[in-house]
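Structure first, then comments.
The values are calculated or read from the model by the stated rules, or taken from the named source; none is laboratory data. The shown structure was predicted, so the numbers you read here are calculated from the model rather than taken from an experiment. We place every Cβ from the backbone using ideal geometry, glycine too, and count neighbours over all the protein chains shown.
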Amino acid sequence: MAEQLRLTQYAHGGGCACKIPPGELEQVVAGLRGVRTASTAEVLVGLDDGDDAAAVRVADGLAAISTADFFTPVVDDAYDWGRIAAANALSDVYAMGGTPVMAINLVGWPRDVLPTDLLTEVLRGGLDVATQAGCPVIGGHSIDNPEPIYGMAVTGTADPDRLLRNDAAQPGLPISLTKPLGLGILNNRHKATGELSAEAVEVMTTLNREASEAALAAGVRSATDVTGFGLLGHLHKLCRASGVAAEIDAAAVPYVSGAREALAAGHVPGGSRRNLDWVRPHLSADGVGEDELVMLADAQTSGGLLVVGEIPGAPVVGRTVAGGSLGEGITLRVR
């Protein structure tokens, strides 16, 4: 029975494409920004700039990083879903320039609908990726839930003076992307047709550890990971936090094989279109077609790092520029 089940059919969305839309989420938390409570820890990165994780200084030369990430099934294979969700959760620590040191599982499971042996496979996948990252998984929390969800809360450490931050970008620097885009579109096709992209699974289960280490070695100060808000959404948040603008060379952006064909066939997550709607008022894209914009706004799951700087092996897809007349927006150009 378990082999015949398609996990993606038990959830209304899939992966990071099921995130609450960015504009709606910002309205929800608007009144919480800038709030400071009494604490013995110094908050280094909090809610204000929508960064990838929270960071506090706990001792001289040591920051603790905390994050949580979970989502509904993005692929039908339970083991692969676990691997993808774990890599995605760990990515928030890597995006801050940190090292994950501990994780706990977060699980919602429709126990009267789906067999628990599938849940075991999900947890096994998460454990294997966390083990690859050198991060022990120590317990967790589970609930009986109408839709299956899985993810992790991850704690990491970092040098507080070398954090990769949303608000530290400077103008005049290259922008590098460490994984190809198109994951949301290919996952949407998989949910609709059952056709799986092995390349997409490989991309989503690849840790961002090496990319993070390369960014730190290159002296990078600003980076973010590209997940549910797409390249355009996450870049907009980084630009806004840093008071800069950016130009993206759409022709230089890499994509997973088959993504354009899946787009042409209509397999676009609702989250990708919502991302584009949110960022469009801040976008100048003369001569760039709508399909290209949808690709750039595609909701990624366990995507790569968007690095303000140049690192070995990662294509340069644009550059930061002074805010000026762009008003902390994003400009696209096609060469």
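Remarks
- All of (1) β-branched (Val, Ile, Thr); (2) at pLDDT below 95; (3) not in a loop (DSSP other than H, G, I, E, B) hold for Val107 with one exception: (2).
- Output for the stretch 64-88, where each listed residue is under 15 Å from Gly108 (Cβ atoms) and not in a loop (DSSP other than H, G, I, E, B): Ala68, Asp69, Phe70, Phe71, Ala78, Trp81, Gly82, Ala85
- The set of residues in the stretch 126-165 that are within 22 Å of Leu305 (Cβ to Cβ) and either touching a His at 6+ places or on another chain (Cβ under 9 Å) or small (Gly, Ala, Ser) (or both) comprises Gly126, Ala130, Ala133, Gly134, Gly151, Ala153, Gly156, Ala158.
- Residue ranges of helices (runs of 4 or more DSSP H) in the stretch 176-240 with at least 3 members at pLDDT 95 or above and within 22 Å of Leu5 (Cα to Cα): 183-193, 198-204
- Filter result for Asp117 (surrounded by fewer than 20 Cβ atoms within 10 Å (Cβ to Cβ), in a loop (DSSP other than H, G, I, E, B) and over 23 Å from the mean Cα position of the chain (by Cα)): no
- Test: Val244 is at pLDDT below 95 and more than 19 Å from Asp92 (Cα to Cα): yes
- Verdict on Arg280 being more than 28 Å from Ser212 (Cα to Cα), assigned to a helix (DSSP H, G or I) and in contact with a Pro (Cβ under 6 Å, 6 or more places away or on another chain): no
- Of the criteria (1) assigned to a loop (DSSP other than H, G, I, E, B); (2) more than 24 Å from Asp286 (Cβ to Cβ), which one Pro171 fails: (2)
- Considering each residue of the stretch 164-171 in turn, at least one proves to be among the polar types (S, T, N, Q), at pLDDT below 95 and buried (at least 17 other Cβ atoms within 10 Å of the Cβ).
- Selected residue [part of a helix (DSSP H, G or I) and either at pLDDT 95 or above or surrounded by 13 or more Cβ atoms within 10 Å (Cβ to Cβ) (or both)] from Gly125, Gly140: Gly125
- Going through (1) surrounded by fewer than 22 Cβ atoms within 10 Å (Cβ to Cβ); (2) among the hydrophobic types (A, V, I, L, M, F, W, C); (3) modelled with pLDDT under 95; (4) over 19 Å from Tyr94 (Cβ atoms) one by one, Val253 falls short only on (3).
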